[in-house]
Amino acid sequence: MSRRLWIGGMVSIACLLLSSQAAMAVDVPSFPRDGWVSWEVATVDAAPRWCCFDWQGKTSRQASCALDGRDHGFGNRSEDDTVAQMRIYARFEGGKLQRLRPLAVDCPVRTDSPVLALPHVSAGQSLDWLASQVSPHGPLSGDALAALAVHRGAAAHAAVARIASNDPDRENRKDALFWATQVRGAEGLALALPRLRADPDPRVREHAAFAVAQTHAPAAIAGLIDQGRNDASAQVRSQAWFWLAQTASAGAEAPIRAALVADKSSQVRDQAVFALSQLPEPRAVQALIHIAEDRSLARDTRKQALFWLGQSKSAAATRYLDRLLAGNATAP
């Protein structure tokens, strides 16, 4: 779609910034009152090449992103599919932001109206404006955080860290942790790890476990084990063991099995058995058989292990249960 300069109806981005002093510190561009604009930013190292794809089974092909459509999904096909620049798309109606999407600069898009390219938006301007779009219960806060997180530089990291640690809105803190770990590499993980224990909201701590688990880093494994052992919330401890198992770390079994003895919560013990069932085969089956045959464990815990063995499609699990029914294995 061709681009053209829109005449009239321009409203200064300054009225959208949180601070008039911040607006005065930069050469503020203008946004249209209505329609689409875009600008480009340098990204963090190994930033994902976000675009739209049509999936057929395990294969995909790149598709054009319909920015005015109902489907707001975007992603990348592999960790090796990266970019050094991203284009931010924003649509306004009556001077108010209605849509926001960060995409790779070479990702094809379709819009119902022309896109006005803004050639001279600085990184500072982009960061200030995106941060101003993160608000309590803001419908576009998650999109703004995704765009904010891919920006290169210490200022972007500081903005994401500030929201992850201090934003009054739970969902904003959760989104900041997610995007930090998804796109900002080691520094994103370092930002998220303290929130495993420091955030006062157990739902944020639980989400932090999910976020750090996606990295599969050794520091993430250690953080999940610490959270599973020590968090005050039984729900958070339960989820810590689940996400630890999802990492498939070689050291996952031992701390999860220890929780079956040490944790006083039946909820945590039950979820720990379930977590072991989520390990890759044959590790899951071996772990569950070990629990089923350990008479030092509570009877209910051993029965849970048998239940999950019954749910397994593993031939080894079926053979064990057959031996148990035939009286050739240890019964609970």
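Tell me which residues, restricted to segment 115-140, are farther than 20 Å from V44 by Cβ and out of contact with any strand residue (DSSP E or B) (no Cβ under 7 Å at 6 or more places or on another chain).
First pass over segment 115-140, keeping only residues farther than 20 Å from V44 by Cβ: 115-120, 132, 135-140.
P119, H120, S132, S135, P136, H137, G138, P139, listed by residue number.
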Checklist entry - Does segment 305-321 contain any residue that is without any contact (Cβ under 8 Å) to a residue 60 or more places away in the chain, more than 32 Å from the chain's Cα centre (by Cα), surrounded by 13 or more Cβ atoms within 10 Å (Cβ to Cβ) and under 20 Å from A234 (Cβ atoms)? => result no
Checklist entry - When the residues of segment 55-93 are filtered to those that are of a type outside the set (D, E, K, R), modelled with pLDDT of 95 or more and out of contact with any Ser or Thr (no Cβ under 7 Å at 6 or more places or on another chain), which remaining residue is surrounded by the most Cβ atoms within 10 Å (Cβ to Cβ)? => result A90
Checklist outcome for this item: The helices (runs of 4 or more DSSP H) lying entirely within segment 169-261 that contain at least 1 residues which are β-branched (V, I, T) are 170-183, 202-213, 218-230, 234-247
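May I ask you to list the residues in segment 278-332 that are of a type in the set (A, V, I, L, M, F, W, C) and part of a loop (DSSP other than H, G, I, E, B)? So that I can check it myself, show each step before the final result.
As a first pass, look at segment 278-332 and keep what is of a type in the set (A, V, I, L, M, F, W, C): 279, 284-285, 287-289, 291-292, 297-298, 305-309, 315-317, 321, 324-326, 329, 331.
Those that are of a type in the set (A, V, I, L, M, F, W, C) and part of a loop (DSSP other than H, G, I, E, B): L279, L297, A298, A326, A329, A331.
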Checklist outcome for this item: Selection from segment 112-130 of residues touching a Leu at 6+ places or on another chain (Cβ under 6 Å) and free of Cβ contacts under 8 Å to residues at least 40 places away in the same chain yields none
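The values are calculated or read from the model by the stated rules, or taken from the named source; none is laboratory data. Since this is a predicted model, take the numbers as computed values, not measurements. Cβ atoms come from the backbone with ideal geometry, glycine included; neighbour counts cover every protein chain shown.
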